[in-house]
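Participant: Before we start, here is the structure in question, set down as structure tokens.
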Amino acid sequence: MIELETLMAEVAHTVETIKASKLCTGCGKIKLRTDYYLLSGEYNRTRGYIMAKCKECHKADVRQSDYKGRHPRRAVLSARDYQKRNAGKVAAYVAFREARTIQRTPTWASREAMEVFYVQARKLTTETGIKHHVDHIVPLNGSTVSGLHVESNLQILTASANIAKGNSF
């Protein structure tokens, strides 16, 4: 009878350990939930939602993004080097993005009206010396909603603002 109680206690302990653990998407290791940061926002914090990556992996990501800010020229050279070494992957990505844009362009869309945005963005870039992008207000491939490639869904942003905005609206 004592062995059964001991076994039950071990099982209960194992179950509690599993509940207190999570797989890190960064390093692929199973770690305790205390090794993760809580997600921001009142809704997430009150429910105890945690990040997908452990604190170590999250810090490494932040350091990497800080590196790009501190060494922009090196980051550009690194990206160019990647593009040269992985020309096939880059070409596939560009083709995928172009196909997605074509699929999101309805037949009634005015290509001339959309072209004005791209011409204006180039003009602003040359006049100000600050790179400008044409951004989709509602992203073409958003996680919750997808927009169309039409003139009413376009806006001109500085490159830094567009990159910071990412795939959100």
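The rows are residues; the columns are (1) within 27 Å of the chain's Cα centre (by Cα); (2) farther than 19 Å from Leu154 by Cβ.
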residue	(1), (2)
Arg85	yes, yes
Gly88	yes, yes
Trp108	no, no
Phe117	yes, no
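Participant: Out of (1) in contact (Cβ under 8 Å) with a residue 12 or more places away in the chain; (2) under 23 Å from Gly26 (Cβ atoms); (3) part of a helix (DSSP H, G or I); (4) in contact with a Leu (Cβ under 7 Å, 6 or more places away or on another chain), the odd one out for Cys57 is which?
Facilitator: Exception for Cys57: condition (4).
Participant: Another question about this same structure. Considering only residues that are among the hydroxyl-bearing types (Ser, Thr, Tyr), over 15 Å from the mean Cα position of the chain (by Cα) and outside any strand (DSSP E or B), which ones fall in segment 121-159?
Facilitator: Thr125, Thr126, Thr128, Ser146, Ser152, listed by residue number.
Participant: Taking segment 26-73 as the region of interest, how many residues are loosely packed, with under 13 Cβ neighbours inside 10 Å and modelled with pLDDT under 85?
Facilitator: So the count comes out to 18.
The values are calculated or read from the model by the stated rules, or taken from the named source; none is laboratory data. What you see is a predicted model; the values in this text were computed from it and never measured. Don't worry about glycine lacking a Cβ; one is built from the backbone with ideal geometry, like all the others, and counts go over all protein chains shown.
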